[in-house]
């Protein structure tokens, strides 16, 4: 497993690097040796420590977790790793069901404290249809703001493809466009 650490607005000390390496060692039993574990750390202007972990699993699957803590980087690291381990475990369980039953041996996760029951799984509780009109990205941003939504699906007038405009946590907008 390859580990990539990046930091913004903060210095990564050897103790931080050592702790991350020690905590991620146990993840190697879930991941292949060539898998890259990307950890991005940043300090916000309000002294908020944010840790983001990204793991490309192959076949277009990308797992991502993010956690933050006020003034405590180690707490944010532990929380982000717990979320990532939960996602990896869930992904491997899905793969195991698709393949043979004995494809993977399930080991006890280190960071997960609570079990997810069948009742807690996400369910579709409402369906909604809406008209898709061609419009520019700027018009879509205005429409999203007027509706008070955090995302907006529309047909891009320039590309004639369905795009999704969304509100990012930092207050900016993001645009999802399909690949050709």
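Hey, what angle do you get for helix 137-147 against the long axis of the chain, alpha-carbon based, 0 to 90 degrees rounded to 10?
90 degrees
Could you tell me how many degrees, from 0 to 90 and to the nearest 10, lie between the Cα long axis of helix 14-25 and the main elongation axis, the longest principal axis, of the Cα atoms of the chain?
90 degrees
If you average the sequence gap of Cα pairs under 8 Å that are 6 or more apart and divide by the length of the chain, what percent do you get for the contact order? The partial results should precede the final answer.
Numbers: 227 pairs, mean separation 20.4, N = 180.
Value for the chain: 11 percent.
Compute the label zone of residue 48 within region 141-180: residues whose backbone N is under 19 Å from the point 7 Å along Cα-to-Cβ.
150-151, 166-174
For the Cα atoms of the chain, what angle does the longest principal axis make with the long axis of helix 73-98, in degrees from 0 to 90, nearest 10?
Roughly 80 degrees between the two axes.
Compactness ratio of region 134-176: Cα Rg over 2.2 N^0.38 Å, N = residue count? All intermediate terms of the calculation are to be shown ahead of the outcome.
Values: Rg = 9.7 Å, N = 43, 2.2 N^0.38 = 9.2 Å.
That works out to 1.05 for region 134-176.
Please state, rounded to one decimal and in Å, the Kirkwood hydrodynamic radius that the chain gives when every pair of distinct Cα atoms enters the mean of 1/r. Spell out each step's value before the answer.
On the way: mean 1/r = 0.0517 Å⁻¹.
Hydrodynamic radius (Kirkwood, Cα only) of the chain equals 19.3 Å.
Can you compute the modelled spin-label distance between residue 157 and residue 138, with each label point 7 Å from Cα toward Cβ, in nm?
Going from the residue 157 label point to the residue 138 one covers 1.0 nm.
In nanometres, what is the gap between the two model label sites at residue 166 and residue 75, each 7 Å from Cα along Cα-to-Cβ?
Each label point is offset 7 Å from its Cα along the Cβ direction, giving 2.7 nm.
Restricting to DSSP H runs of at least four residues, report the calculated mean residue ellipticity at 222 nm for the chain, -39500 (n - 2.57) per run over all residues, nearest 500 deg cm²/dmol.
On the way: 3 runs with 49 residues, N = 180.
Here the helix-only value at 222 nm equals -9000 deg cm²/dmol.
Report the label-to-label distance for residue 2 and residue 35 in nanometres (one decimal), using points 7 Å from each Cα along the Cα→Cβ vector.
1.5 nm
Each value in this text was obtained by applying a stated rule to the coordinates, not by laboratory testing. Keep in mind that what you see is a predicted model, and the values were worked out from it rather than measured. Backbone-built Cβ (ideal geometry, glycine too); neighbour counts: all protein chains shown.
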